[in-house]
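Taking it in order: structure first as C-alpha cells, then the write-up.
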Amino acid sequence: MTTAHVTGAARGIGRSIALRLARDGHDVAVSDLAGMAEALDDTRKEIEATGVRSVALHGDVSDPASVRALVQDTATELGSLDVFVANAGIAQTKALLDVTPEEYDTLHAVNGRGVFLCYTEAARQMIKQGTGGKIIGASSIAGHKGFGLLGIYSSTKFGVRALTQAAAQEWAEHGITVNAYCPGIVDTQMWVEVDHDLGEINGVGEGESMKAMAEGITLGRVSTGEDVAAYVSFLAGQDSNYMTGQAALIDGGMLFV
C-alpha cells in the first residue's frame, strides 16, 4: 500500500485528485487551510468510504514549518510518503498596472514558494525512506502562455514548470520522478471567481467570460476536476515510471505547444 498527500484538497481539483487516488488504492492524507476544516473533513470521510485510510491535516503551504509538519505527520500517521501532489494555489485577475507589490508577493508565496517547499520537503522524506517516489505539482495553461489580466498568476505557473524540470534532474538518482499538470478552464470555485472578476473588468455578466473562453476549447466543453485527476492518477502510478520533468496540458485542446 502506498501513501499519497494532496494539498488544497478541501474542494475543487484537489478534492477530485484525492478521491481518485483513493479509488486507485492509495492511502491519502489531505491538507488545506484551517479555515477549510469542515470541507476538508468531508473529503477525508469520502476517502475512507472507499476502503483506504486517510487523515486530514491543516497547514499553510507558504510556511516552511507548516509544510514540514504536513510531510512528517503524513509519514507518521499513514506509515510513509510515496506520492506528493502540490496542488494548493490561488489566482488573481487584475491588470498588471494595478497589481501591488504585496499582491505579487502573496501569489508567489503560495503558488511559487508553496510548491518549492512541498517539493523539497517531500523529496527529503522520500530520500530518507530510500524507496523513491512521485512528486507532482500544479502548473496551468498559464504556465505555457502568459494571459492578460492573469499576469502574476501566469508567472507563478511558469515557475512551477521550471522548478519541476530542475527537481526531476536533481532527484532522479533517488528514484523520484517529478512532473506537473497543466489544466485549462476547470469548473471549480476558483474559475467562478475568475469569471466574476473578468466580468467586472470587461463589463459583462456572470458566466459570459467563461463562456467566451470555452468557445476556444477544441473538445467543446470546460473540464471537470475528474478530468485533471485522471491524469494525476497516471503520474502517481507505475505506468509513468519513465516520465519525469514534464508539464502536460489537460485543457481539452486550448493550446497546442
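Read-outs throughout are calculated quantities, based only on the coordinates presented, and are distinct from any laboratory measurement. Since the model is a prediction, treat every value here as computed from it, not as a measurement. Using ideal geometry, Cβ is built from the backbone for each residue, glycine included, and neighbour counts are taken over all protein chains shown.
Structure values in brief
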{"read-out": "Between 0 and 90°, nearest 10: helix 151-171 axis offset from the chain longest Cα axis", "value": "30"}
{"read-out": "Using alpha-carbon coordinates, inclination of helix 37-48 to the longest axis of the chain, degrees", "value": "50"}
{"read-out": "Per residue Cα convex hull volume in Å³ - calculated over the stretch 144-184", "value": "54"}
{"read-out": "Net dipole in debye of the stretch 1-130 [+1 Lys, Arg Cβ; -1 Asp, Glu Cβ; about Cα centre; nearest 20]", "value": "380"}
{"read-out": "Relative contact order computed over the chain (Cα-Cα under 8 Å; 6+ residues apart), in percent", "value": "19"}
{"read-out": "The stretch 128-241: mean projected area of Cα convex hull, nm²", "value": "8.3"}
{"read-out": "Fewest-first ranking of Tyr104, Tyr242, Tyr181, Tyr231, using other Cβ atoms within 10 Å as the exposure measure", "value": "Tyr242, Tyr104, Tyr231, Tyr181"}
{"read-out": "Assigned charges on the beta-carbon of Lys, Arg, Asp, Glu; the chain dipole about Cα centre (debye)", "value": "720"}
{"read-out": "Residue exposure sequence - Val71, Val178 - by fewest surrounding Cβ within 10 Å", "value": "Val71, Val178"}
{"read-out": "Extended-chain gain in nm, criterion 0.36 nm per residue less alpha-carbon gap, Ala166 and Leu219", "value": "15.9 nm"}
{"read-out": "GNM flexibility winner over the chain from Lys145, Lys128, Lys45 (Cα, springs under 10 Å)", "value": "Lys128"}
{"read-out": "Set of lysines with alpha-carbon distance to Lys145 below 16 Å, sequence-local pairs under 8 removed", "value": "Lys157"}
{"read-out": "Amide H within-cut-off set for Thr131, under 5 Å, with H built and near neighbours excluded", "value": "none"}
{"read-out": "0 to 90° range, to nearest 10: angle between helix 225-236 axis and the chain longest Cα axis", "value": "40"}
{"read-out": "Extension gain from Glu38 to Phe147, taking 0.36 nm per residue of separation minus the Cα-Cα distance", "value": "35.9 nm"}
